[in-house]
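The values are calculated or read from the model by the stated rules, or taken from the named source; none is laboratory data. Since the structure is predicted, the reported quantities are computational estimates derived from the model, not experimental observations. As a convention, Cβ positions derive from the backbone with ideal geometry for all residues, glycine included, and neighbour counts pool all protein chains shown.
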Amino acid sequence: MLQPHPTRFSSRIIGTGSAFPQTTLTNSALTQRIDTSNEWIVERTGIRERRISQPGNPDELNSSLGFLAATQALKMAGKTPQDLDQILYATCTPDTLIPSTACWLQSKLGANRAWAMDLNAACSGFVYAVSTADQFIRSGNVKTSLVVGGDVLSAFTNWSDRTSCILFGDAAGAVVIEQTPLNSDRRILSSHLKSDGNLWDLFHIPAGGSKLEITPEVYQQNLHKMQMKGKEIFKVAVRTLAEYAVEALESNGMTLQDLNWIIPHQANLRIIEAVAKRLNIPLTKFIININRYGNTSSATVPTALDEAVRDGRIQPGHTLLLDVFGAGLTYGTILLRW
Ligand code: UT7
């Protein structure tokens, strides 16, 4: 195992924010488009409704949702955009391929001192980006970082595929992370990232990158939209979310009993329930928002975190585990003390 470089610093989250598009798409509205029912969707996924960006609405672009979430996070942190050294934008649905969504956001914020980049680890993106910010901060290169997890998956959803289109929604969540003296009480304790590129075909978008241009034929076949093997992902997700949660705790000499909250990626309520069962911990330890927002990809964890911070469930001194998986496949955990 690689030994971490000695450092004088830790990092801690000091502000959170979240934003959703205005339009709510309910399960019953979906029954107008595809052969499904509210009962099937609720029973098989736990989702009741999701928010969808209106195409062409400049206020509901990925970077616009990111801007709203970032503004809230900065306010909670007591920081201004000028305080930011770094902007990391976790997304697999950028506003444009170039420039990065992070640069669009930088421009909207007027965060002139920062450098900005996107990071794509699909639904694991937020955890990957927080881990990256943590490394920059602990190395002493960055003092204040803005990390956004934002996705507008509705633009890449095949709305005629009933096995996938019921799952997804649009959102952005943000955190401000700052440098703090090494081993401060409130800090990120550790982060753990993994991926398995061999499992690329469980969830991918074949066209739209440099590999496959979107020609009329490609468009006709919906190859520019998400293709998902739901049952296979489900199984990997349950196994890895449970296994890597324990691994993260063990590497800190902790057990599940030391945790106040788990914030898992919200892909399907049944996945979260199966993880709770496998770990033998009550579902009440999980922060869950999938019922109202669906799977918002890299935004699930920061929006759930923001909600639980603002409603007072998360209190100073609490120990949190962020636990995710996503296309790639990618996996990640972050253990932190609030
Ligand atoms: O970021 C994360 C990436 N994605 C995921 O994590 C997805 C993980 N997987 C899942 O969430 C679930 O596998 C799904 C929700 C996608 C599907 O649920 P399932 O319980 O695995 O259903 P299934 O694919 O086994 O399908 C069961 C039945 C099938 O009918 P038959 O063959 O038994 O007659 C499907 O055709 O349910 C049918 N079905 C539906 N029925 C009504 C599939 N989708 C629907 C639907 N409405 N929307």
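Selection of first residues in the range 234-255 that are touching a residue at least 60 places away in the same chain (Cβ under 8 Å) and of second residues that are loosely packed, with under 14 Cβ neighbours inside 10 Å, restricted to Cβ pairs under 8 Å at least 6 apart or on distinct chains, gives the following pairs, ordered by first then second residue: L249/T255; L249/D258. Does G328 satisfy the condition of being outside any helix (DSSP H, G or I), within 27 Å of I14 (Cβ to Cβ) and not assigned by TED's automatic domain parsing to the domain that holds W40? When the stated conditions are applied, G328 does not pass them.
Considering L189, L182, L199, the condition of being among the aliphatic types (A, V, I, L, M) and either within 16 Å of the ligand (Cβ to nearest atom) or in contact with a Cys (Cβ under 7 Å, 6 or more places away or on another chain) (or both) is satisfied by L199 alone. Give the residue that is nearest to the ligand (Cβ to nearest atom), with candidates limited to residues of the range 284-338 that are closer than 27 Å to S63 by Cβ and aromatic (F, W, Y). Only one residue fits best here, namely F325.
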